[in-house]
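**Student:** Below is the structure I would like to discuss, written out as structure tokens.
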Amino acid sequence: MRENNIGGGLKAVVVVPLAAMVLVEGCIIVLTIMASSGMARGMSPFVFVVYTNALGSILLFPYSYFYDRRDQDHHYNRSEDQPIFFSLHFLLRVFLLGLLGVTIAQNLAFVGLSYSSPIVACGMANQIPALSFILAIFLRKTKFDWKKGSSQARLIGTLISLTGAISLTLYKGPSIKNHTALGSTTTARLLLTFSSTHENWLLGCLLFASASFVLCIWNIVQVGTLKMCPKVMKIISFYTLFGTIQSAVLALFMERDLDAWRLGLNFELLIIILTAIFSSVIRSSVQIWCTRMRGPYFVPIFKPFGIPYASTFGCLLFADTFHYGSMMGAFICGVGYYTVLWGQIKEEELQKLESGKISSTDEKVPLLQDQHSQV
């Protein structure tokens, strides 16, 4: 009986985080499709960023309080909380996190989504490990050794990722045009669509690539912030609030039409509410929990899962606006992503064996996940 309980516990440790992350990635793609559809109907991406983060901030602050109350995995001294949260250094860091992760990255990503499609979002989001590797070399935060297989893997993966990004940008390819789809999919096309009335594929890809690069810098900043304060939910709460204020200033400058700010009981309001709840509370909690259960690389492993999700939805429901070339480019990006990640894991293992210490956290996958991954 005891062996059965142990076996069941081990299965739960393996299966539950796995199922949770698969479900999370599926929800991300569904919300991405919904956001793309809302923008195709005329919803402003700048206003969307403001409203989703504003609602997210309202939810996060009380949630982070109760989250920390029930969180038993403490790696810090509670008496140090107040000075940290009100220190100028901490406030500057979360201000910068909000500027990079919300105001710049999210606005670039959602504007890019309005010009392209969710499959572009999936492909370009998988550029982050490759771009981080390039950035780390330029900043001399990592050493490249031609003789090491891990360094070779990261280089090859970076080249594959960049090839996929170039293919995704320059070769859209013919549409699938599945005219044999069931009649029920016609209704789905009326509600959800990958295409935009002002589609600009090249611009969309460039905006997404820029957002990914900004998130590479954001990752470096947030690693240092986590060293100061391991309370992840509180950090998310603070930088989301700062990002909301900054994004509101930007949106007021970019979106002068007052009609764009009006909310009604419609599809756009539903998207805002679902995105805010999922991105601020549900996704963050699941990712933190899975990271603590299975390690820092468990969550990033599932990042490319959005590509088959988006491809499946595209082929089944949106064949007239879904393209072979974009799907191929996104899959190449996914291959590059896994190659770079594999090399990164192997390199860290070698460094642990050689020095007995954990490698530089500037290159490690962050506990706080990039906030434009929902698009």
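**Student:** Within segment 102-119, work out how many residues are of a type in the set (A, V, I, L, M) and out of contact with any Leu (no Cβ under 6 Å at 6 or more places or on another chain).
**Tutor:** Residues flagged as of a type in the set (A, V, I, L, M) and out of contact with any Leu (no Cβ under 6 Å at 6 or more places or on another chain) within segment 102-119 amount to 5.
**Student:** On to the next question. I'd like the full set of residues that are part of a helix (DSSP H, G or I) and either modelled with pLDDT under 90 or crowded, with 24+ Cβ neighbours inside 10 Å (or both), limited to segment 116-132. Steps first, please.
**Tutor:** Going through segment 116-132, the residues part of a helix (DSSP H, G or I) turn out to be 118-125, 128-132.
Selection gives P118, I119, V120, A121, C122, G123, M124, A125, I128, P129, A130, S132.
**Student:** Next question, about the same structure. Within segment 246-258, which residues are in a helix (DSSP H, G or I) and touching a residue at least 60 places away in the same chain (Cβ under 8 Å)?
**Tutor:** Q246, S247, A248, L250, A251, M254
Residue-by-condition table, conditions (1) at pLDDT below 85; (2) over 30 Å from V249 (Cβ atoms); (3) not in a loop (DSSP other than H, G, I, E, B):
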residue	(1), (2), (3)
G8	yes, yes, yes
A20	no, yes, yes
G26	no, yes, yes
I29	no, yes, yes
S36	no, no, yes
G56	no, no, yes
F66	yes, yes, yes
D81	yes, no, yes
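**Student:** Can I ask one more? Could you go through segment 216-228 and let me know if any residue there is surrounded by 22 or more Cβ atoms within 10 Å (Cβ to Cβ), assigned to a helix (DSSP H, G or I) and of a type in the set (A, V, I, L, M).
**Tutor:** Within segment 216-228, none of the residues are surrounded by 22 or more Cβ atoms within 10 Å (Cβ to Cβ), assigned to a helix (DSSP H, G or I) and of a type in the set (A, V, I, L, M).
**Student:** Give me the pairs: first residue in segment 25-43 and in contact (Cβ under 8 Å) with a residue 60 or more places away in the chain, second residue β-branched (V, I, T) and assigned to a helix (DSSP H, G or I), beta-carbon distance under 7 Å, and six or more apart or on different chains, which are they?
**Tutor:** L31/T275; M34/I271; A35/I271; A35/T275; G38/I271
**Student:** Additional query: In this structure, is F242 open to solvent by 10 Å² or more (accessible area, probe 1.4 Å), within 24 Å of F90 (Cα to Cα) and assigned to a helix (DSSP H, G or I)? Step through it out loud before you land on a result.
**Tutor:** Numbers: open to solvent by 10 Å² or more (accessible area, probe 1.4 Å): yes; within 24 Å of F90 (Cα to Cα): yes; assigned to a helix (DSSP H, G or I): yes.
Yes, satisfied.
**Student:** Picking from I235, I272, which residue would you name as being closer than 25 Å to C122 by Cα and within 21 Å of the chain's Cα centre (by Cα)? Give the derivation first.
**Tutor:** Values: I235 fails: closer than 25 Å to C122 by Cα.
After ruling out the rest, the residue left standing is I272.
**Student:** Conditions: (1) at pLDDT below 85; (2) open to solvent by less than 30 Å² (accessible area, probe 1.4 Å); (3) not β-branched (V, I, T). F144 meets all but one. Number of the miss?
**Tutor:** Condition not satisfied by F144: (2).
**Student:** If I go through segment 212-252 residue by residue, how many of them are closer than 22 Å to G112 by Cα and touching a helix residue (DSSP H, G or I) at 6+ places or on another chain (Cβ under 7 Å)?
**Tutor:** Initial filter on segment 212-252 (closer than 22 Å to G112 by Cα): 212-219, 240, 243-252.
Those left that are additionally touching a helix residue (DSSP H, G or I) at 6+ places or on another chain (Cβ under 7 Å): 212-219, 240, 243-244, 246-248, 250-251.
Of the residues in that region, 16 qualify.
**Student:** Okay, moving on. Are any residues in segment 141-160 part of a loop (DSSP other than H, G, I, E, B) and within 16 Å of Q351 (Cβ to Cβ), and if so, which ones? Before the answer, list the steps.
**Tutor:** The first filter runs over segment 141-160 and keeps only residues part of a loop (DSSP other than H, G, I, E, B), leaving 141-148.
K141, T142, K143, F144, D145, K147, K148, listed by residue number.
**Student:** For L91, all conditions in the list (1) open to solvent by 10 Å² or more (accessible area, probe 1.4 Å); (2) modelled with pLDDT under 90; (3) of a type in the set (A, V, I, L, M); (4) closer than 26 Å to G336 by Cβ hold save one; what is the number of the exception?
**Tutor:** (4)
**Student:** Just checking, does segment 198-206 include any residue being in a loop (DSSP other than H, G, I, E, B) and at pLDDT below 80? Let's see the steps before the verdict.
**Tutor:** Step one: of segment 198-206, the residues in a loop (DSSP other than H, G, I, E, B) are 198-200.
After this cut, where a residue has to be at pLDDT below 80 as well, the list is 198-199.
Checked segment 198-206: at least one residue is in a loop (DSSP other than H, G, I, E, B) and at pLDDT below 80.
The values are calculated or read from the model by the stated rules, or taken from the named source; none is laboratory data. Since the structure is predicted, the reported quantities are computational estimates derived from the model, not experimental observations. Quick reminder, even Gly has a Cβ in these numbers, built from the backbone with ideal geometry, and neighbours come from all protein chains shown. The accessibility values were calculated without ligands, DNA or RNA, using every heavy atom of the protein model including side chains. Shrake-Rupley method; radii C 1.70, N 1.55, O 1.52, S 1.80 Å.
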